[in-house]
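Scroll down for the structure; my scribbles are underneath it.
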Amino acid sequence: MQKNDLVTVAIEDIGVGGEGIGKVDGYTLFIKDAIIGDVVEAKIVKAKKNYGYARLMNIVTPSENRVEKPACPMARRCGGCQIQEMKYGAQLAFKEGKVRGNLERIGEVPTELLDKVMQPIVGMEEPFHYRNKAQFPIGTDKEGHIITGFYAGRTHSIIPNTDCALGVAVNQKILEIILHFMENNHISAYDEEKHKGLVRVLIRYGFKTDEIMVCLVINGEKLPHAEKLVDKLCKIPGMTSITISVNKAKTNVIMGNEIKLLWGQTYITDYIGNVKYQISPLSFYQVNPVQTEKLYGLALDYANLNGNETVWDLYCGIGTISLFLAQNAKQVYGVEIVPQAIDDARNNAKINDITNAEFYVGKAEEVLPEYYKEYEKTHNGETVHADVIVVDPPRKGCEESLLQTIVDMQPEKVVYVSCDSATLARDVKFLRAKGYELKDVTPVDQFPHTVHVETVCLLSRK
Ligand code: SAH
């Protein structure tokens, strides 16, 4: 097989990045946008000894899992969605299979046990327009017109598109106002050479409150004629916050630390369940609020609290899970590495009148073991007790030292929320070996049309 060879191939599998996988005379090919069941014509773009990559040229026979027309005409070129051309039911089956496969192979969980504990994946009824946050880069096209849209996969060239199928409808209206304003007032898009201009637009939308935030990230001190823009934007129903973020650093970091108010207030409010959150342009907040509520609802079910428990929420972010659980527990402790997130968590506890949640800044793998040792020292060798420990780590999962401390603390239950089922499986293997039984596993589709999948697991002490 050589570069530029044209082949016809039946797609039989899907890779971790959502690409189709097929074989030609025993030679494995990875083909982006091809899906299981397709027969496609593809052109080899990279040929290695035992496998290669090919570009989809033509669909000879479409799979029964292929949608007739993707919701977004840019689906293939845009880097945001990986599997939008696959029917939603097939996407869910793929994700469920990925979680199960990782638990089986990496986690060494026996098949019979998986048959018992694996619950069907929780999908969305309406898997479009679910994102409450969008960031649009601003640039110019070859004719010098100001454009906004999305980066093509793995590049920095902007594909013009103001109507992302995953974002909320009002994004388009906001972006068009901004583009007109820029054209009419000769405001430049970010210029890499001059290192100045409007860099990007951040839009956030409160699904429960309908409040809208627009934050313009600029590379300079001020936005000329900003009042003209504000005058238009503030008439959009629900507009609550219009701000500027000044970012003059020559880095890839998107947001500057300084937020200047142009109109309204600096934050919007939204709810997950009945807990209220104030979200500023810099706050972390879950991007799919509908599924987040289901995910945390499951974590709450698994924790099965009666009001007398001590709960730790490790990797707590802005305290979303902590505050959700605090309503049903005696005391919740949250641990998070980002200090601003902890500021938000404390503020969110306050505005909800939650007084039984306490937050610590630091690495979970340092804070918890230190707390454990310190407690032992000051309590005559008696060890600190927790009823439930929740973890929601980033993709790399938990450090083994942290898992060991969790085991030492002997909580009845460990609730593991994961965004990477491979590291989840590794950590489940550790916990199972140390006396925890895997009781229940539910994948949740937080990001339809992408290859990502969240999972929540319950482990109980034997
Ligand atoms: N449960 C949170 C989000 C969890 S995302 C929510 O719903 O808001 C994972 C979080 O872990 C991020 O906020 C990240 O900043 C934090 N984090 C990453 N490494 C960490 C570590 N070693 N110790 C504690 N927190 C960490």
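Here are some notes:
- For segment 169-260, with +1 on Lys and Arg beta carbons and -1 on Asp and Glu, the positive-most of His180, Leu229, Met255 along the dipole: Met255
- For segment 29-95, with +1 on Lys and Arg beta carbons and -1 on Asp and Glu, the positive-most of Ile59, Gly37, Gly80 along the dipole: Gly80
- In a DSSP loop and with at most 14 other Cβ atoms within 10 Å, the trypsin sites (Lys or Arg not before Pro) in segment 231-317 are Lys235, Lys248, Lys250.
- Rounded to two decimals, the Cα-based Rg/Rh of segment 44-194, with Kirkwood Rh, is 1.08.
- By the count of other C-beta atoms within 10 Å, a proxy for reagent exposure, Tyr277, Tyr271, Tyr130 are ordered fewest to most as Tyr271, Tyr130, Tyr277.
- Within the chain, antiparallel bridges make up roughly 70 percent of the DSSP beta bridges whose residues both belong there.
- DSSP beta bridge pairing in segment 269-379, given as percent antiparallel to the nearest 5: 30 percent
- Assuming charge only on the beta carbon of Lys and Arg (+1) and of Asp and Glu (-1), the dipole of segment 329-462 about its Cα centre is about 360 debye to the nearest 20.
- Mean separation of Cα pairs under 8 Å and 6 or more residues apart, divided by the residue count, gives segment 344-462 a relative contact order of 21 percent.
- Contour minus Cα-Cα distance for Glu112 and Arg461 (0.36 nm per residue): 123.7 nm
- With Cα atoms defining each centre, segment 319-389 and segment 4-41 are spaced 48 Å apart in the structure.
- Using a simple spin-label model with pseudo-atoms 7 Å out from Cα toward Cβ, Glu366 and Arg395 lie 2.4 nm apart.
- Taking all pairs of distinct alpha-carbon atoms in segment 363-462, Kirkwood radius in angstrom: 14.2 Å
- P(r) weight above 20 Å for segment 216-299, C-alpha pairs, percent: 48 percent
- Rounded to the nearest 20 debye, the dipole magnitude of the chain is 1120 debye, with +1 charges on Lys and Arg beta carbons, -1 on Asp and Glu beta carbons, and the Cα centre as origin.
- Compactness of segment 1-79 is given as radius of gyration and Dmax, 12.1, 37 Å, from Cα positions.
- Share of pairwise Cα separations in segment 16-125, more than 20 Å, in percent: 50 percent
- The alpha carbon centroids of segment 267-293 and segment 92-138 are separated by 22 Å.
- With the convex hull drawn around the C-alpha atoms of segment 117-182, the volume per residue stands at 106 Å³.
- Cα-Cα P(r), segment 275-373, percent of pairs per 10 Å interval: 17, 49, 32, 3
- Segment 45-96: radius of gyration over Cα atoms, expressed as a fraction of 2.2 N^0.38 Å: 1.35
- Diffusion coefficient of segment 173-212 by Stokes-Einstein, Kirkwood radius over Cα pairs, 20 °C, 1.002 mPa s: 180 µm²/s.
- Dipole magnitude of segment 12-57, debye to nearest 20 (Cβ charges: Lys/Arg +1, Asp/Glu -1, about Cα centre): 340 debye
- At full extension, Thr61 and Asn306 could sit 82.6 nm farther apart than now, given 0.36 nm per residue minus the alpha carbon distance.
- Chymotrypsin sites (Phe, Trp or Tyr not before Pro) restricted to DSSP loop in segment 359-433 with at most 16 other C-beta within 10 Å: none
- Candidates per GluC sites (Glu not before Pro) in segment 348-401, loop by DSSP, up to 16 other Cβ within 10 Å: Glu382, Glu399
- Per residue, the average separation of C-alpha pairs within less than 8 Å and at least 6 apart gives segment 126-201 a relative contact order of 32 percent.
- Taking the average, over residues, of other Cβ atoms within 10 Å as the packing measure, peptides 346-355, 279-288 rank 279-288, 346-355 from highest down.
- Dipole of segment 352-416, positive end: most advanced residue of His379, Gln410, Val361 [Cβ charges, Cα centre]: Val361
- Here Val39 and Lys173 are evaluated by their C-beta separation; at R0 = 35 Å the FRET efficiency comes out at 0.25.
- The calculated P(r) of the chain, using every Cα pair and 20 Å bins from 0, goes 22, 49, 27, 1 in percent.
- Extending 7 Å from the Cα toward the beta-carbon at both Glu376 and Val338 defines two label points whose distance is 3.3 nm.
Rule-based calculations on the coordinates, nothing more; no lab input. A quick note: this is a predicted structure, and the numbers were derived from the prediction, not measured. Here the Cβ is made from the backbone with ideal geometry for all residues, glycine too, and neighbour counts use every protein chain on show.
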